[in-house]
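Inspection log for the structure reproduced underneath, given as structure tokens.
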Amino acid sequence: MKKVKSKILVTGGLGFIGSHTVVELQNEGFEVVIIDDLSNSKIEVLDGITSISGKKPEFVQFDLKDKKLVKQFFENHKIEGVIHFAASKAVGESVEKPLLYYENNIATLVFILQEMVKNKVKNFIFSSSCTVYGQADELPITENAPIKPAESPYGNTKQIGEEILKDTAKVEDLNIIALRYFNPIGAHKSTKIGELPIGVPQNLIPFVTQTAAGIRKELSVFGDDYPTPDGTAIRDYIHVVDLAKAHVSALNRLLGNQNKTNFETFNVGTGKGSSVLEVINAFEKVSGKKLNYKIVGRREGDITSAYADTTLANRELGWRSKLSLEDALDAAWKWQVKQV
Ligand code: WQD
């Protein structure tokens, strides 16, 4: 019987990246407790996690904006670390509802950190984003690339979140890692968990799979006049299972006191850029479906190209992405087909 390792809090653990990370934590022998308010996830995800790992994580449903409940939680649970996913993440919505984003993404972060300090919980992993770089001047993007003015309140909450962590780590006994995700895609190979966009998908891959499934009439490709080989924008699409494993590597780094400073950032991507048209072609190949799409104008706020320099994460976290774009698209399609 594997010795059960530390108990870890995963906020937003029923979400897309959170649920895949809970599975990988359990596979590593960690005990997991999830806080999720189900505002952008479904309780069925808990069964999906359990059916994959064979262990049902503890689950507490409440809104992290309720400071009293956050306080109570930390007083009633002895945990060794926190992986913080819970946040609103729709770029477009954040432009229309900035205050909702600043309250939900910033106030909750402060409440959690306050209770961690009070209860001497030291290890914290933050869900950040490559969006902090805006359109980087140099590609691939390293962690030293300048932080550019945010293009949306969502992106700004990631930048502000990192600033809060940096300032707090200077004076409190905390060990913090911010993981800057590139574009998470795909689903678990079991097809028991995956991406569950509520409403019309904002992101490319769920829109692609819903179009192929006949749920959407056709995909709009936002611009083919970018200065790229085929004119469409380039992103670094990382399989969500590889991304989940990066969180376990980061947690092990902190639990093993291997971090070099008490606030570190790592880019988590594949290091490979793919254009929208390349993604469409790869999807048609793995799914055998012909995708119905049309080229339209650029989307406001989109950048031309972003892909990661993964040297630091490879070396310091001992982690690298192993799954391909095709693996992720195949898993995303199989997950889509299973949705009723
Ligand atoms: C990818 C590419 C679009 C939809 C954002 C956030 C990032 C993270 C992931 C939350 C772009 C094109 C898209 C469509 C299209 N956020 N596209 N038609 O914008 O790179 O990143 O989502 O987790 O922080 O910034 O991802 O999937 O929206 O777009 O042509 O219907 O696909 O223009 O080039 P993005 P995306």
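Quick note: the coordinates plus some simple rules give every number you see, no bench work behind them. Worth saying up front: this structure is predicted, and the values here are computed from it rather than measured. Note that we place each Cβ from the backbone using ideal geometry, even for glycine, and neighbour counts take in every protein chain shown.
What the table below lists for this structure:
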read-out	value
Sequence-distant residues sharing a close amide H with VAL221 (under 5 Å, placed H)	LYS294, ILE295, VAL296
R0 of 35 Å, Cβ-Cβ distance ILE106-LYS338: FRET efficiency to nearest 0.05	0.45
Percentage relative contact order, the chain, counting C-alpha pairs under 8 Å, at least six apart	19
Choice from VAL121, VAL132, VAL268 showing the highest fluctuation, given a GNM over the chain with Cα pairs closer than 10 Å	VAL121
Among beta bridges that DSSP assigns inside the chain, antiparallel share in %, nearest 5	5
Viscosity 1.306 mPa s, 10 °C: Kirkwood-radius Stokes-Einstein D of the chain over Cα pairs, µm²/s	78
Point-charge dipole on Cβ atoms (K/R +1, D/E -1) for region 7-132, about Cα centre, debye to 20	400
The chain: most fluctuating residue of GLU162, GLU138, GLU24 per GNM, C-alpha cutoff 10 Å	GLU138
Region 1-123: radius of gyration and largest Cα-Cα distance (Dmax), Å	14.6, 51
Mean Cβ neighbour count within 10 Å, used as a protection proxy, ranking 307-318, 47-58 highest first	307-318, 47-58
Amide proton proximity set for ILE141, modelled H, under 5 Å, gap of 5+	TYR307, ALA308, ASP309
Over region 94-193, relative contact order from alpha-carbon pairs under 8 Å, at least 6 apart, %	37
Mean-position separation - Cα centroids, region 155-223 and region 17-38, in angstrom	17
DSSP-defined beta bridges in region 182-340 - what % are antiparallel, rounded to 5	20
